[in-house]
Amino acid sequence: MEENADIFFAAIVDLNLPDAPNGEAVELTSEYKIPSIVFTGQLSEGLREDIFSKGVSDYVLKTGQYNIDYVVDAIHRFECNRNIKVLVVDDSITARRQMKRLLLTQCYQVIEAESGLAALGALEDNPDVSITITDCHMDGMDGFELTKTIRQTRTKESMAIIGVSSQGGSSISAQFIKHGADDFIVKPFIQEEFTCRINKNAETLDHFAHLKALNNQKNFLMGMAAHDIRNPLGIIDRIVKRAISSNPTPERMEEYLKMVELSCGGLLELLTDILEISRLEGKEIVMEKELSPIERIINERIEMIKLRSAEKNIAIITDFKDSNVLPIDHKRVAQVVDNFMSNALKFSPQGSTVTVKTEARKDTVIISVCDQGPGVNEDEQTLLFDAFSQLSARPTGGESSTGLGLAICKSIIESHGGTIGYERLENEGSRFHFSLPITDIQ
């Protein structure tokens, strides 16, 4: 802690340790201002007040699985809160400081304002504020008017507004809600109620943002799919109209039919891939794992593409360190190897080399496919495993692509508990790789 306190953003601390039986560890993390969750087997009301006086963020009793999940969720909330700005509006400096102190225990960024007008100025200077906490009774613009004014430009999906007051009880609460607030807290409040309510509102905003992102992604994917479907359909339409209007010879009609067949094949491939990625991401496909030698799968897939590699005079070299038997879905992993090998051939120049490697590292086996193609631009690498990604690199032999293959591979490997990635090689070329865990079949 003395040397590295700044690298920790949160701590989970037991109250009773062999060399710190009276909560000394809590005092230590608090001293270094690290947001801390006390995880303890027993807690009295007096002890609860004592640990909160030390500035801890929360406490959890060791009573079951749910409590462990609560700790995990709380740490995740801390991580998310670090990017959330909260505006505290109150004409009492004491009240502002109390709320700011509690918000800091939850890792929020806090901005203060002493009046409604000052709050509007703060929002203008900080348009990324996500939560506003406002007192009711303030000189000039009160909390109701402030709430109504904010709602003219900020929706519930982009900002949560929480009213606070020590007067009026339920009638004040109703008025705040009717003016556009999301929640209300009565002063004086205990720390747990205040932080839980703020965190719940933050979670709601997260859900809104997630739904918006999903909707944008859906619209993007639908647009890309429609574009990719339109092209082969347009070709088929033109060919059929030409065949009908031109009274072609039998030889010409055969050419037309082959063109239609080719376009239909590309269209079916696209639709198959769309259904595949949808089922994989929806967890509708169960991986049927059995112990299989990964090197044998790779050799089988290489044998299947030898004719294609010969057409471009591309040599395929294998570099297997050991024989690795893994609990995997043979068919699905073979699909990933096929995709990696197919892409390597598509983007490699004539007369180049593709190298396939396996390497065991502790509890993981790394499978790599390296080619000598142009590689992927740095600014496009984050898009590689997204559905329908359109990158600037083009196949060297005019081959087609649906843009879904790597997204499918990502879902398959992650369903196995592995990882997938890419790196551009220094001497030009690409290395696509994925890992598979060496574990027993569950």
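Worth pointing out:
- Selection status of LYS331, surrounded by fewer than 22 Cβ atoms within 10 Å (Cβ to Cβ), outside the structural domain of LEU271 (by TED's automatic domain parsing) and part of a helix (DSSP H, G or I): yes
- Tabulated pairs, segment 413-442, first farther than 18 Å from SER292 by Cα and in the same structural domain as PHE385 (by TED's automatic domain parsing), second exposed (fewer than 14 other Cβ atoms within 10 Å of the Cβ) and not acidic (Asp, Glu), C-beta under 8 angstrom, 6+ apart or interchain: ARG431/LEU425
- Count - residues of segment 1-52 that are of a type in the set (Lys, Arg) and more than 34 Å from the chain's Cα centre (by Cα): 1
- One residue stands out among those in segment 19-49 that are of a type in the set (Ser, Thr, Tyr) and more than 18 Å from ARG101 (Cα to Cα): the one that is modelled with the lowest pLDDT, which is SER44.
- Count of segment 74-104 residues which are surrounded by 13 or more Cβ atoms within 10 Å (Cβ to Cβ), among the acidic types (Asp, Glu) and within 28 Å of the chain's Cα centre (by Cα): 0
- Any hit, segment 182-194, residues being among the aromatic types (Phe, Trp, Tyr), under 30 Å from TYR70 (Cβ atoms) and over 31 Å from the mean Cα position of the chain (by Cα): yes
For every residue, the table says whether it meets (1) crowded, with 17+ Cβ neighbours inside 10 Å; (2) under 27 Å from the mean Cα position of the chain (by Cα); (3) on the phi < 0 side of the Ramachandran plot.
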{"residue": "ASP322", "(1), (2), (3)": "no, no, yes"}
{"residue": "VAL325", "(1), (2), (3)": "no, no, yes"}
{"residue": "VAL337", "(1), (2), (3)": "yes, yes, yes"}
{"residue": "SER348", "(1), (2), (3)": "yes, no, yes"}
{"residue": "VAL356", "(1), (2), (3)": "yes, no, yes"}
{"residue": "VAL365", "(1), (2), (3)": "yes, yes, yes"}
{"residue": "GLU378", "(1), (2), (3)": "no, yes, yes"}
{"residue": "LEU383", "(1), (2), (3)": "no, yes, yes"}
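- Given (1) assigned to a loop (DSSP other than H, G, I, E, B); (2) modelled with pLDDT of 90 or more, index of the condition VAL72 fails: (1)
- Verdict on GLY41 being exposed (fewer than 11 other Cβ atoms within 10 Å of the Cβ) and in contact (Cβ under 8 Å) with a residue 12 or more places away in the chain: yes
- Flag for VAL110 being hydrophobic (A, V, I, L, M, F, W, C) and either in contact (Cβ under 8 Å) with a residue 40 or more places away in the chain or crowded, with 22+ Cβ neighbours inside 10 Å (or both): no
- Here GLY46 does not qualify as loosely packed, with under 13 Cβ neighbours inside 10 Å, in contact (Cβ under 8 Å) with a residue 12 or more places away in the chain and farther than 21 Å from HIS76 by Cβ.
- Residue match in segment 4-18 (condition: surrounded by 16 or more Cβ atoms within 10 Å (Cβ to Cβ), modelled with pLDDT under 90 and aromatic (Phe, Trp, Tyr)): no
- The sole residue among THR147, THR155 that is part of a loop (DSSP other than H, G, I, E, B), free of Cβ contacts under 8 Å to residues at least 40 places away in the same chain and either within 24 Å of ASP206 (Cβ to Cβ) or in contact with a Pro (Cβ under 9 Å, 6 or more places away or on another chain) (or both) is THR155.
The values are calculated or read from the model by the stated rules, or taken from the named source; none is laboratory data. The structure displayed is predicted, hence computed values, not measured ones. Cβ sites come from the backbone with ideal geometry, for glycine too, and all protein chains shown count toward neighbours.
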